[in-house]
Structure formats: structure tokens, C-alpha cells
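Q: Dumping the structure here so I can ask a few things about it.
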Amino acid sequence: MSEKDCIFCKIIDGQIPSYKVYENDLVLAFLDIFPLSYGHTVIIPKKHYYNFLNMPEDDMGSFFKELKKISALIKKKLKIDGFNLVQNNFPAAGQVIPHFHYHIIPRMKGDGPLRMIPGKVQAKEEDLREIIQKIKE
Ligand SMILES: [Zn+2]
């Protein structure tokens, strides 16, 4: 799939709407509309890289700085007990979108081990709006 057809590049361009958690020159973070938990967020670099192996080392430091900042923001604003960072490489590992991304998956006490279950349920728009409101407060 070329960059032109990449769904995440289209989200960056604004061709596809998203619930934005955070944005700057380097990254965009938005809510996953098929969330594994309340506040499940995806963070992507604005430059298109297929996956972890394609991201230049020089870009990694700044990306991880943003990943940390956004994780801390979600932890604080959504008052979660913890979170998983998940990053899949190649279809065999569950990579669906061909644009490097991290999942920030909020967890609460008693949630148990994380299960990445396919065929998830789409989030309600009101919930997504509520989450964005809490983060922006
Ligand atoms: Zn892309």
C-alpha cells in the first residue's frame, strides 16, 4: 500500500476525521474507534514509515518523547491506574495499518492481562467526545 492510500496519512491530512487527543509538528494522537478500553489512543509519527524497522533511528528519540508525554497526559486526565503500550510489526504480529504506530491502552486495577482481541466493538460517539473533553480540560 502506498502512502497515498494510507488511512493514517489521510487522518493526518484531515481527509478522514478523527478524535484528536494531541497534535504537534511531529506526531498525532487520536482515539481508536474500536477501543480495547476506555481512552484507547493511537499515536503516529506524521512521516509515513511502514513499521518499527523503517523508522530512522534519528526520529526515534523525539517520537518516544511524545509517546511519554501523551501517555502521562492520558494517565492524569482519565485517572487510569495503568496502561499498556503495544506496537505490532508485520501482519503476522497483528499489524493491520501499514503506518508505524503505538497503542496506548488504559487499564484499571483488576483488568487482568491484556488481550488483543480482533473483531472489537465500535465506540459510541458520545464516549469519544467525553474522553476528548476530559483530556482537554
Ligand atoms: Zn501513512
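Q: Name the single residue, out of those in segment 79-99 being more than 22 Å from residue 111 (Cβ to Cβ) and exposed (fewer than 15 other Cβ atoms within 10 Å of the Cβ), that is farthest from the ligand (Cβ to nearest atom). Reasoning before the result, please.
A: Going through segment 79-99, the residues more than 22 Å from residue 111 (Cβ to Cβ) turn out to be 89-93, 95-99.
Applying the additional criterion that residues be exposed (fewer than 15 other Cβ atoms within 10 Å of the Cβ) yields 89-93, 96.
Numbers: 89: 15, 90: 16, 91: 16, 92: 20, 93: 18, 96: 13 Å.
For segment 79-99, the residue satisfying everything is 92.
Q: Given 49, 102, which one is within 17 Å of the chain's Cα centre (by Cα), within 16 Å of the ligand (Cβ to nearest atom), surrounded by 13 or more Cβ atoms within 10 Å (Cβ to Cβ) and free of Cβ contacts under 8 Å to residues at least 60 places away in the same chain? Working first, answer last.
A: Values: 102 fails: free of Cβ contacts under 8 Å to residues at least 60 places away in the same chain.
Every option except 49 fails the conditions.
Q: Right, something else. Exactly one of these conditions fails for residue 67: (1) more than 15 Å from the ligand (Cβ to nearest atom); (2) more than 15 Å from the chain's Cα centre (by Cα). Give me its number.
A: Only one criterion is unmet by residue 67, namely (2).
Q: Only one of these is in contact with an Asp or Glu (Cβ under 6 Å, 6 or more places away or on another chain) and surrounded by fewer than 17 Cβ atoms within 10 Å (Cβ to Cβ): 60, 116, 108. Name it. Working first, answer last.
A: On the way: 60 fails: in contact with an Asp or Glu (Cβ under 6 Å, 6 or more places away or on another chain); 116 fails: in contact with an Asp or Glu (Cβ under 6 Å, 6 or more places away or on another chain).
Result: 108 is the single residue among 60, 116, 108 that is in contact with an Asp or Glu (Cβ under 6 Å, 6 or more places away or on another chain) and surrounded by fewer than 17 Cβ atoms within 10 Å (Cβ to Cβ).
Q: Do any residues in segment 108-131 that are within 16 Å of residue 82 (Cα to Cα) and modelled with pLDDT of 95 or more have Cβ atoms under 9 Å from those of residues that are small (Gly, Ala, Ser) and surrounded by 10 or more Cβ atoms within 10 Å (Cβ to Cβ), where the two are at least six apart or on different chains, and which pairs are they?
A: Listed pairs, sorted by first residue: 108/37; 108/82; 109/82.
The values are calculated or read from the model by the stated rules, or taken from the named source; none is laboratory data. Treat the numbers as computed from the prediction; the structure is a model and nothing was measured. Counting neighbours? That spans all protein chains shown, and the Cβs are built from the backbone with ideal geometry, glycine included.
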